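Asker: Structure below; questions to follow.
The values are calculated or read from the model by the stated rules, or taken from the named source; none is laboratory data. Predicted model only: the values in this text are computed from it and were never measured. Here the Cβ positions follow ideal geometry from the backbone for every residue, glycine too, while neighbour counts run over all protein chains shown. Side chains are part of the model used for accessible areas, which takes the heavy atoms of the whole protein and leaves out ligands, DNA and RNA. Shrake-Rupley method; radii C 1.70, N 1.55, O 1.52, S 1.80 Å.
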Amino acid sequence: MIVCHACHLIWREGCAIGTDEGAGRWTMTNTAPSGAARTDALLQTYGLGGNGRHSSRFDEMLTASGDVRPHWRGLLTGLGALNDGDRAARAARMDRRVRETGIAYDIFSDPNKTAQRWQLDLAPMVISNPEWRWLEAALIQRARLFDALLSDVYGDQKLMREGLIPPELVFSDSAFLRPCQGILQNAGGLQFYAADLARGADGYWRVIDNHTETLAGVGYALANRVVHTNVAGDLFKSCNAVRLANYFQAMQSALTEHSQRENARVALLTPGPRHEDYFSHAYLARYLGYLLVEGSDLRTRGSQIYLKTLEGLKEIDLIVRCVDGRDIDPLELDPSGFDGPAGLVRVSRKQPRLTVNAIGSAVAQNRGLGRYLPQLSKRLLGEELTLLDAPRWWLGDAASQSHVFANLDNLVIRKAQEGTGRPGQAGLGQDPRKLTDAERALLRGDIELHGARLVAEEKIGFSTAPVYERNGLSPRPFAVRLFVTRTTSGYQVMPGGLAMSVDPDRAVALTAPDGHTRDVWVLSDADQGPHVSLWRPTVETARVERSQRVIQSRVADDLYWLGRYAERADWTMRVLRSALRRVEEDNGPATGRRAARKCLEVLLAKNAPAASAERHVPADTEIEMLCTLLISNTKGHRTLERTFEGLYRVAHLARDRLSLEAWQALSRFRPGDTWVKTLASASPVAVLDMLEEGLASLAAFNGLMHENMTRNFGWSFLDMGRRMERAYNLSEAILTLFIPVPEAEEESSSLRLLLELADSFITYRSRYRLDPMLALVLDLLLLDETNPRSLAYQLAAISRQLESLPDARRGASLSEDRRVILSLLTSIRLADIEAIAREANGAALEHLMQEQLRLLPELSNAISRHYFNLTQDAPHRVHTRIEPKP
């Protein structure tokens, strides 16, 4: 291996190196023989190839003479030590962990899509230590350059007056925010920077995009590393790759110092679950221990910004911004942008260090700046720019326009300012070679009219690195995103990154429609010492704080509905299981088909088919048809498919509040998952077995939440949601099964079914040792506050939770929610069960249950109005807030 000390590039072995005296730069000419047969033979020695399918273009892994580069040998040796089955098993396990972690999940995508939006390859991208040191220094230089550039653009603007930057480039950019003039100079500097890099055919690294506005998806890189080391930690350790924890610890310390508060309350501001980068925001907030907030969670008052919680306003010391600066303040910026609180710019003038990156920093990622950066580096830093941008021309310049029009077929036209979203989603731009004459004419007109908003880019090509496939390793073009943060000792580059496969025939940027990603391993030459992780903070870095009751009303809302959907799914699966047992199992209950059909029909509501007597369908067949509808129908709001969608969606919204084990317990209910699809098409007998699996997963989730969740306000709303749904389902079942009053034989089978659904059959038999009797069953399921499945228990639990919430006793009179729960609980406690059971027409029971079904939705709405109304100004969220009428 040969290192070029002039430009610090590591050239392929077997290349003749010379100089172009006119240009004063290094060039290289490939003189080494290569071929697919040699590549296959070499990979076969590692147990990774030899099938004749490989091309010779493993640019990153192989030298021009076909030898494996030294820094790749450890990985190839480790992979080769595994047999084909072990490698396939690890790849499958990695796919499963990606799904379980939630990286691949999009709550707004079509659940029937077969493509996974995020894939992590078993083979990482490996970077040698000498090459990394050069990249590290080059990226730090660029971060310093953009920091100085932003200070000038929002300050004295000397660079534009001196002609080093065309004023139109800046002022025509919608990311330049005039109300932020003067703020960035005192904001403490550019905190986060990321760069997308590609190595061209000439061996040079080039920057193909800059990101100076937000964290640019660093949460995805972190999640990839956690998943990859979980599956291939032995390979990671044997290669002596650098860990990421020290980088994130330095980031934490820097943010704390930036806030100038010892115990700073740091909030990560996200646009919300509709944003394509939301997973990254939630994952990073959880990892760093920061609050995850949306714009509607915040409000400004005077020169401060506050978090709206159930206990009142809590001051925020620092905002880590993950939203577009243009949409962060509807008062002074875009009036339609509500991703931040009104008045944030005003507060930032008083507290310029409040937000990182500072509002308006996106102007530095304008692609048109690329050709001016070398001059700016000399002017601002007094240094030659080490790492250059890919060749591009800003089309607001007349000379550049002339050049582009003369060479249009060799360029791609793209927006100058695109913003930062989910990694891999950069726009493809327009390739003039693929346009019709009419389309080319329109493109030329667009360039002439709106050239200041466009750039023309030259395709530099993409280097290739190995990816794992079933038949071995194959080369695939890639680009990589690397991340930089300001620390207490200066800028620091994350020793890793996010590599994504690209289509070189279409892309000039980090564009990866298939979502194929690779972890990036930076090899170390030294011992790294003991492993540290932010998942397990030390005593010195941890802050003892037992009051974990700060919770946004939006989060309380999400947890409340998480409890409701979990209980709804549990109840629906119990109804399905009991109904199918009465049809399919030889040892199942011989009676009760009519009772089971009633329960199925009430869950289907208006979507149930006509009665069997009118259509001459056998009772068993009708129950199977109803079960199929209840499982897979998408119209009713209580069908199993809709319930699973709601459960997984709201769990995703509350992802930062769930442990990894709790999230994994819900993984089988993910829309589009194999289990969900199979359930909708399986035979009735197979459905029974799958329902048992589903109930076990829900029981595991509920158990994990019960045992592991801190008893804060979040727990109160999660528990109230479960109790509310259980109370409603039980009341509805009693009314359905016993009104009108059934015949004696049907009453007996209905009582058995009710005890099954309420999971109280064993309790009843151990207590009474009698066949089910109406008075005794009603006593157990309505009045017994020691039975966790009874109606009284649910209402008493809701009442206790409401009393524990803030403002529960404020004022001379009871709040609406307290009045409703008191009425519900009193009516049950005062019920005379013996008298109700003796009534021949069931009028008293009907009145009692109808009153419950009328007041329970009112209670739910009263809780929503009381505790969730702080986010009523937010855009419409995904799950329903107001109760449907029974």
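Asker: Under 9 Å between Cβ atoms, at least 6 apart or on separate chains: pull out the pairs that start in segment 289-304 with a residue that is of a type in the set (Asp, Glu) and end on any residue that is surrounded by fewer than 15 Cβ atoms within 10 Å (Cβ to Cβ) and at pLDDT 90 or above.
Answerer: Close Cβ pairs satisfying both conditions: none exist.
Asker: Quick check on Met625: is it modelled with pLDDT of 85 or more and open to solvent by 60 Å² or more (accessible area, probe 1.4 Å)?
Answerer: Here the answer is yes, as Met625 does meet what is asked.
Asker: A further question on this structure: What is the residue count in segment 488-517 for residues that are more than 23 Å from Ala104 (Cα to Cα) and polar (S, T, N, Q)?
Answerer: 3
Asker: Within segment 374-384, does at least one residue satisfy the condition of being among the aliphatic types (A, V, I, L, M), open to solvent by 20 Å² or more (accessible area, probe 1.4 Å) and assigned to a loop (DSSP other than H, G, I, E, B)?
Answerer: Scanning segment 374-384 turns up at least one residue that is among the aliphatic types (A, V, I, L, M), open to solvent by 20 Å² or more (accessible area, probe 1.4 Å) and assigned to a loop (DSSP other than H, G, I, E, B).
Asker: Ok, one more. For segment 653-701, which positions are modelled with pLDDT under 90, surrounded by fewer than 20 Cβ atoms within 10 Å (Cβ to Cβ) and not in a helix (DSSP H, G or I)?
Answerer: Ser659, Gly672, Asp673 - these are the residues of segment 653-701 that are modelled with pLDDT under 90, surrounded by fewer than 20 Cβ atoms within 10 Å (Cβ to Cβ) and not in a helix (DSSP H, G or I).
Table: residues versus (1) on the phi > 0 side of the Ramachandran plot; (2) not basic (Lys, Arg).
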residue: Lys308; (1), (2): no, no
residue: Gly312; (1), (2): yes, yes
residue: Ile316; (1), (2): no, yes
residue: Asp324; (1), (2): no, yes
residue: Leu331; (1), (2): no, yes
residue: Thr355; (1), (2): no, yes
residue: Ala362; (1), (2): no, yes
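Asker: With the condition kept exactly as written, say whether any residue in segment 407-414 is open to solvent by 30 Å² or more (accessible area, probe 1.4 Å) and either assigned to a helix (DSSP H, G or I) or at pLDDT 95 or above (or both).
Answerer: Within segment 407-414 (the criterion being open to solvent by 30 Å² or more (accessible area, probe 1.4 Å) and either assigned to a helix (DSSP H, G or I) or at pLDDT 95 or above (or both)), the answer is yes, since at least one residue qualifies.
Asker: How many residues does segment 268-305 contain that are assigned to a strand (DSSP E or B) and under 16 Å from Pro352 (Cα atoms)?
Answerer: Qualifying residue count for the region: 4.
Asker: Is it the case that segment 300-316 has a residue that's surrounded by 19 or more Cβ atoms within 10 Å (Cβ to Cβ) and of a type in the set (Gly, Ala, Ser)?
Answerer: So far as segment 300-316 goes, no, none of its residues is surrounded by 19 or more Cβ atoms within 10 Å (Cβ to Cβ) and of a type in the set (Gly, Ala, Ser).
Asker: Sticking with this one: Within segment 420-452, which residues are touching a residue at least 12 places away in the same chain (Cβ under 8 Å) and either of a type in the set (Lys, Arg) or in contact with a His (Cβ under 9 Å, 6 or more places away or on another chain) (or both)?
Answerer: Result: Thr420, Gly421, Arg422, Gly424, Arg433, Arg440, Arg444.
Asker: Still on this model: State all residues of segment 122-147 that are among the hydrophobic types (A, V, I, L, M, F, W, C) and in a helix (DSSP H, G or I); if no residue qualifies, say none.
Answerer: Within segment 122-147, Trp132, Trp134, Leu135, Ala137, Ala138, Leu139, Ile140, Ala143, Leu145, Phe146 qualify.
Asker: Can you tell me which residues in segment 170-179 are touching a residue at least 40 places away in the same chain (Cβ under 8 Å) and surrounded by fewer than 24 Cβ atoms within 10 Å (Cβ to Cβ)?
Answerer: Val170, Ser172, Asp173, Ser174, Ala175, Phe176, Pro179
Asker: Another one. Any idea which of Glu834, Glu883, Glu858 is at pLDDT below 90 and open to solvent by 10 Å² or more (accessible area, probe 1.4 Å)?
Answerer: The unique qualifying residue is Glu883.
Asker: Would you check if Ile828 is open to solvent by less than 60 Å² (accessible area, probe 1.4 Å), free of Cβ contacts under 8 Å to residues at least 60 places away in the same chain and under 19 Å from Leu776 (Cβ atoms)?
Answerer: Judged against the criteria, Ile828 is a match.
Asker: I'm checking my understanding of the structure. Among residues of segment 233-287 that are basic (Lys, Arg) and more than 26 Å from Asn129 (Cβ to Cβ), which one is most open to solvent (accessible area, probe 1.4 Å)?
Answerer: Arg274
Asker: Count, please, the residues in segment 148-181 that happen to be of a type outside the set (Gly, Ala, Ser) and assigned to a helix (DSSP H, G or I).
Answerer: 16
Asker: Out of the residues in segment 628-641 meeting the condition of being of a type in the set (D, E, K, R) and crowded, with 18+ Cβ neighbours inside 10 Å, tell me which one is nearest to the chain's Cα centre (by Cα).
Answerer: That would be Glu641.
Asker: Examine segment 754-764 for a residue that is in contact with a Pro (Cβ under 7 Å, 6 or more places away or on another chain) and under 16 Å from Ala596 (Cβ atoms), and state whether such a residue exists.
Answerer: Yes, segment 754-764 has at least one match.
Asker: Something else about it: Only one of (1) in contact with a Phe, Trp or Tyr (Cβ under 7 Å, 6 or more places away or on another chain); (2) part of a loop (DSSP other than H, G, I, E, B); (3) open to solvent by 20 Å² or more (accessible area, probe 1.4 Å) fails for His403. Which number is that?
Answerer: (2)
Asker: I'd like the residue in segment 191-207 that is of a type outside the set (D, E, K, R) and assigned to a loop (DSSP other than H, G, I, E, B) and, out of all such residues, is modelled with the highest pLDDT.
Answerer: The residue in question is Gln191.
Asker: Which condition does Val293 not pass, out of (1) crowded, with 18+ Cβ neighbours inside 10 Å; (2) within 29 Å of Phe483 (Cβ to Cβ); (3) in contact with a helix residue (DSSP H, G or I) (Cβ under 7 Å, 6 or more places away or on another chain), if it passes all the others?
Answerer: Exception for Val293: condition (3).
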